[in-house]
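The values are calculated or read from the model by the stated rules, or taken from the named source; none is laboratory data. Worth saying up front: this structure is predicted, and the values here are computed from it rather than measured. Don't worry about glycine lacking a Cβ; one is built from the backbone with ideal geometry, like all the others, and counts go over all protein chains shown.
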Amino acid sequence: MRKLRSEKPSPVSREGDLCGKCSQEAVTHVEAPPEHAELFRCAQLLFNAGIEDENQIIPTLVFAANLGEMPHLREVKDGLAALTNEDGKWKDLRLQVSWFFDRMVALMDAIDGVPILQRSPFVVTYVTNKQGNVNEVAIDVFMHSVQAEKVAGIYERYLKLHNVEIDPIRGDISYKLHEDFIRIVARPETTSVDAADGRILALRSGPPRLPDPLIVAGMYRVLKGSQSSGMFKGFRSVLAGRERGKPGGADILVPACVGWYVAGRGDLSEQTEERRRVVRIINQELLGPCGKEPQEESSSKFWRDVRNVSAEIGRLERALQRRARDTW
């Protein structure tokens, strides 16, 4: 941990008086909300561990912020703290975390008992028939960064892994637009007669054959859309993350995420006095102990950073709430 710069105290006028700097600190000190103790501990750990990836910072802090409200998350954290190499429970805990977040994140690591999560770009699920053959593959895309070529590659690998043949002349590809992701479903076509004109294309016997990977990728490319004039705009707005541009890094993202929660999940961020109080708490409980430069209490940039992370935090919060309703 980097040490704070030492400063020579201002002279005092008489015994018992506080120096000017200490007097100011005494006035501005505010009590941190006890419900955010775990959030501040996790935020300090991210700084001290040197984690800079926004895809890890945001979900990790969302997990920490919800520990007090969601007992199932606390059970995962306690399970990680007690985990040993002989336990063999790491896979089970990973599945639990993924399920709680509607599969949008994955458990990557644990540092000092704190779960380190990462946003999942996509998830692939397959369904088998009674004979054990794969007859459906669903690809859920969560992030802007996933390109059509990646969809084709992962889909093709799944087909090869399960010895599924490609049908070059027919197939069934459908899609569903969910609140926070695009789902593409590839199946073998099971109809031999076209209702439009009665044409028959006989079905082949044997294990099901699925659509070509390039056709599946083409469907995703269309669904994601294009920003070019006259082209289908697509559904890219439901996807998370960035397609381009430089990520903010820990010095921006960690205080912004913590600020969103301390400010009543963003509800108080437009009130001047509450803004100042939130910044004082963050300086006092996070930036100061970690040797970081304090935020100016009147900084508009800090609150712009808070607004910038609000959509990504909200996406993960919605997933947790959906799963909480399922659990109840």
### Task
Filter the stretch 167-200 down to the residues that are aliphatic (A, V, I, L, M) and loosely packed, with under 15 Cβ neighbours inside 10 Å, then identify the one that is farthest from K224 (Cα to Cα).
I200
### Query
Taking into account only those residues within the stretch 239-276 that are polar (S, T, N, Q) and assigned to a loop (DSSP other than H, G, I, E, B), which is surrounded by the most Cβ atoms within 10 Å (Cβ to Cβ)?
S269
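Residue-wise test of (1) within 30 Å of L45 (Cβ to Cβ); (2) surrounded by 17 or more Cβ atoms within 10 Å (Cβ to Cβ); (3) in contact with a helix residue (DSSP H, G or I) (Cβ under 7 Å, 6 or more places away or on another chain); (4) modelled with pLDDT under 95.
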| position | (1), (2), (3), (4) |
| --- | --- |
| Q131 | no, no, no, yes |
| N135 | no, yes, no, yes |
| I139 | no, yes, yes, no |
| K150 | no, no, no, no |
### Task
Kindly indicate whether R322 is assigned to a helix (DSSP H, G or I) and among the basic types (K, R).
yes
### Query
How about the stretch 293-309: which of its residues are touching a helix residue (DSSP H, G or I) at 6+ places or on another chain (Cβ under 6 Å) and within 15 Å of P247 (Cα to Cα)?
D305, V306, V309
### Query
Among the residues of the stretch 277-302, how many are assigned to a helix (DSSP H, G or I) and either closer than 19 Å to A65 by Cα or among the charged types (D, E, K, R) (or both)?
12
### Matching option when the condition is assigned to a strand (DSSP E or B), closer than 24 Å to T128 by Cβ and at pLDDT 95 or above, among I184, I215
I184
### Message
I'd like the residue in the stretch 53-97 that is within 15 Å of the chain's Cα centre (by Cα) and among the aliphatic types (A, V, I, L, M) and, out of all such residues, is surrounded by the fewest Cβ atoms within 10 Å (Cβ to Cβ).
### Response
V97
### Query
Which of the helices (runs of 4 or more DSSP H) contained wholly in the stretch 70-180 include at least 3 residues that are closer than 15 Å to P213 by Cβ and touching a residue at least 60 places away in the same chain (Cβ under 8 Å)?
148-161
### Task
Tell me, yes or no, whether the stretch 98-113 has at least one residue that is under 30 Å from P207 (Cα atoms) and under 20 Å from the mean Cα position of the chain (by Cα).
yes
